Amino acid sequence: MSDLLTHFVETQMLIRKPIATVFDAFIDPSVTKNFWFTKGSDKLETGKTITWEWEMYNISTKVYVKEIQPNKKISIEWNEPATVVDFEFTPLDNERTYVVIRNYGFHQTGDELLSIIRDSTGGFTTVLDGLKAYLEHNINLNLIMDKFPKEVMQHGK
C-alpha cells in the first residue's frame, strides 16, 4: 500500500445528537463556525470549491468537496500540498452519532511528516471536542481561537 494511504490521522467522537444534525453541522458554515472556522463561503456541495477562514489568525484555505453521501460521508481536499479529509458518520441509534475524521495523502516524510500528523491529530481532536460541546450543550468553547493566543504565538510555538 502507498505511503499516501498508510500515513493518516484518525480522530473520533460520540455525539449525542441525531445523525442529520451532526452531518449538517459540517455542511452548513453557519453552524460549523460555532466550533471550527469563523467563516465559510458556502455550504458544502459535491464538486464545489469553497473557502474556510479563521479570521482571528488571518488565514484561510480552499476546500474542494470531492464527495458527499448524505448522513454518511463527506470527503474534501484541502491545504497545499493537498490532503484528503473524510468525515464519516455512523448512527448508533436515533439520538447518537459516531463521527470519525480521517486525514490522509500526506506528501511529507520523516520529522516533517511526524509534525504534520501531530498538528492534524490535535486539530481534528479539538474540532470534535468543540462539536460535542456545541451540539450537545449549545456552548461555543472558543477552542480554535484559544488554541494559539497571540501572546504565545509572539514568543514562538
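Do we find that S120 is assigned to a helix (DSSP H, G or I), small (G, A, S) and more than 19 Å from I74 (Cβ to Cβ) in this structure?
For S120, the condition - assigned to a helix (DSSP H, G or I), small (G, A, S) and more than 19 Å from I74 (Cβ to Cβ) - is not met.
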Query raised in the report: Which of the residues belonging to the range 107-139 are closer than 23 Å to A25 by Cα, polar (S, T, N, Q) and either loosely packed, with under 15 Cβ neighbours inside 10 Å or in contact with a Pro (Cβ under 9 Å, 6 or more places away or on another chain) (or both)?
Result: N138
Query - Condition broken by G105, with the remaining ones in (1) more than 21 Å from Y57 (Cβ to Cβ); (2) among the small types (G, A, S); (3) out of contact with any His (no Cβ under 9 Å at 6 or more places or on another chain) satisfied - result: (3)
Report task. Tell me, yes or no, whether the range 97-106 has at least one residue that is loosely packed, with under 13 Cβ neighbours inside 10 Å and touching a residue at least 12 places away in the same chain (Cβ under 8 Å). Result -> no
Query raised in the report: Any residue at all in the range 73-89 that is more than 23 Å from K43 (Cβ to Cβ) and touching a residue at least 60 places away in the same chain (Cβ under 8 Å)?
Result: no
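Which is touching an Asp or Glu at 6+ places or on another chain (Cβ under 8 Å) and over 25 Å from I19 (Cβ atoms), of S60, S75? It would help to see each step written out before you state the result.
Numbers: S75 fails: over 25 Å from I19 (Cβ atoms).
Result: S60 is the single residue among S60, S75 that is touching an Asp or Glu at 6+ places or on another chain (Cβ under 8 Å) and over 25 Å from I19 (Cβ atoms).
Residues that are in contact with a strand residue (DSSP E or B) (Cβ under 9 Å, 6 or more places away or on another chain), surrounded by 14 or more Cβ atoms within 10 Å (Cβ to Cβ) and part of a loop (DSSP other than H, G, I, E, B): does the range 22-34 have at least one? Walk me through it before giving the result.
Taking the range 22-34 first, the residues in contact with a strand residue (DSSP E or B) (Cβ under 9 Å, 6 or more places away or on another chain) are 22-23, 25-30, 32-33.
Within this subset, residues satisfying the condition of being surrounded by 14 or more Cβ atoms within 10 Å (Cβ to Cβ) are 22-23, 25-29, 32-33.
From the residues that got through so far, the ones that are part of a loop (DSSP other than H, G, I, E, B) too are 28, 33.
The answer is yes, given that some residue of the range 22-34 is in contact with a strand residue (DSSP E or B) (Cβ under 9 Å, 6 or more places away or on another chain), surrounded by 14 or more Cβ atoms within 10 Å (Cβ to Cβ) and part of a loop (DSSP other than H, G, I, E, B).
Looking only at the range 117-133, decide whether some residue is aromatic (F, W, Y), in contact with an Asp or Glu (Cβ under 9 Å, 6 or more places away or on another chain) and more than 21 Å from N34 (Cα to Cα). Working first, answer last.
Just the residues of the range 117-133 that are aromatic (F, W, Y), to begin with: 124.
Next, only the ones that are in contact with an Asp or Glu (Cβ under 9 Å, 6 or more places away or on another chain) stay: 124.
Add one more test, that the residue is more than 21 Å from N34 (Cα to Cα), and what stays is none.
Taking every residue of the range 117-133 in turn, none turns out to be aromatic (F, W, Y), in contact with an Asp or Glu (Cβ under 9 Å, 6 or more places away or on another chain) and more than 21 Å from N34 (Cα to Cα).
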Query - Lone qualifier among L113, L92, L131 - being at pLDDT 95 or above, assigned to a helix (DSSP H, G or I) and in contact with a Phe, Trp or Tyr (Cβ under 8 Å, 6 or more places away or on another chain) - result: L131
Query raised in the report: Does the range 49-69 include one or more residues that are surrounded by 18 or more Cβ atoms within 10 Å (Cβ to Cβ), in a loop (DSSP other than H, G, I, E, B) and either acidic (D, E) or touching a helix residue (DSSP H, G or I) at 6+ places or on another chain (Cβ under 9 Å) (or both)?
Result: no
Query raised in the report: Pairs under 7 Å by beta carbon, first residue closer than 10 Å to F89 by Cα and modelled with pLDDT of 95 or more in the range 13-31, partner of a type in the set (G, A, S) and surrounded by 17 or more Cβ atoms within 10 Å (Cβ to Cβ), six or more apart or different chains?
Result: none
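Could we say that L141 is of a type outside the set (D, E, K, R) and outside any loop (DSSP other than H, G, I, E, B) here? I'd like the intermediate steps shown before the answer.
Numbers: of a type outside the set (D, E, K, R): yes; outside any loop (DSSP other than H, G, I, E, B): no.
Spelling it out, it is not the case that L141 is of a type outside the set (D, E, K, R) and outside any loop (DSSP other than H, G, I, E, B).
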Query raised in the report: From F23, F35, which residue is aromatic (F, W, Y) and either in contact with a Leu (Cβ under 9 Å, 6 or more places away or on another chain) or under 17 Å from N103 (Cβ atoms) (or both)?
Result: F35
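The values are calculated or read from the model by the stated rules, or taken from the named source; none is laboratory data. For clarity, every value in this text was computed on a predicted model and none was experimentally measured. Counting neighbours? That spans all protein chains shown, and the Cβs are built from the backbone with ideal geometry, glycine included.
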